[in-house]
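Here's the structure we're looking at; comments come further down.
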């Protein structure tokens, strides 16, 4: 790859951006598509919640309480743990949404007719469902206490978002949604505009390789998108007072990777279409709408049908929303969130390689 040729494309594209700002129009087909997606994807029912168990007592009574949780249909036992550190790690990584901790003297307290303490830890990242999950757990425990005719004390603590402010989980999710909305659209329209005006024929006749041409397109729009995320993050923390538990540098670093993922999607769209209208429609369908519906931005993925949970893995917004909330709300580090980061890197490379292949095919 010749760096001077890439820089020349970057310079040309920068001038085009300054000279010709793009205006986005809404198509008539979008409300229909969104109606179908919302109708099939969204569910506010809370069932199948992943539950972690730390049973210090290991008695018949503690097993009976766990069985009541599982028999309710609201909870699924994801794993059993041997220490509080393991429970914290599971909650931080999102492996469980609720952890039930039974103390070692649980059965003895019940046998004496004394109050038996039980601790329930709830992941408050999704405040819309955290209250419901906690209420289900408390109801099950209370019913168990009535059945055994012995009082049980429940100590419920909400972690990561103790105030249950919706803005605390909405704003970190918006980081991923906003970057999936605009960069792909702008990039796709820029290249299809050259196709429509015929100026791209000069690129075909030049010594530029597809990788050099697309890299020159990728970088300017990537930098614009990166400035967008810096602005959004600053407003999120300063104006909305969203608490930042983790590293802002880590958030920005992985945000830069995500930026090139979204711009790469725009490049790929431009190789599939020849008109700006078609590029705009396709970019909106494969980027903006899935980022709202299938990223966990507003609607928890674990409440969706299993088929749609698998479907969400096709969209990079899911991985960045998980990463963003993990850093902002849970203070998770790179090791804890490594799967999401690696998948974003792989997604970026795959999208760019596919765009280069499609562009080379068109040139040939």
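The values are calculated or read from the model by the stated rules, or taken from the named source; none is laboratory data. Predicted model, so just to flag it, every value in this text is computed and none were measured. For neighbour counting, all protein chains shown are included, and Cβ atoms are generated from backbone atoms with ideal geometry for every residue, glycine included.
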Legend entry - Entirely in region 271-364, the helices (runs of 4 or more DSSP H) that have 2 or more residues that are surrounded by 21 or more Cβ atoms within 10 Å (Cβ to Cβ) and more than 12 Å from the chain's Cα centre (by Cα): 276-283, 316-330, 338-363
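For every residue, the table says whether it meets (1) over 24 Å from residue 293 (Cα atoms); (2) out of contact with any helix residue (DSSP H, G or I) (no Cβ under 7 Å at 6 or more places or on another chain); (3) in the same structural domain as residue 136 (by TED's automatic domain parsing); (4) free of Cβ contacts under 8 Å to residues at least 60 places away in the same chain.
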{"position": "57", "(1), (2), (3), (4)": "yes, no, yes, yes"}
{"position": "66", "(1), (2), (3), (4)": "yes, yes, yes, yes"}
{"position": "74", "(1), (2), (3), (4)": "no, no, yes, no"}
{"position": "85", "(1), (2), (3), (4)": "yes, yes, yes, yes"}
Legend entry - Filter result (part of a loop (DSSP other than H, G, I, E, B) and in contact (Cβ under 8 Å) with a residue 40 or more places away in the chain) within region 220-240: 240
Inset, instruction - Need at least 2 residues that are at pLDDT 90 or above, touching a strand residue (DSSP E or B) at 6+ places or on another chain (Cβ under 9 Å) and within 21 Å of residue 327 (Cα to Cα) per element, so show me which strands (runs of 3 or more DSSP E) inside region 84-198 make the cut, counting only ones lying wholly within it. - result: 98-102, 116-123
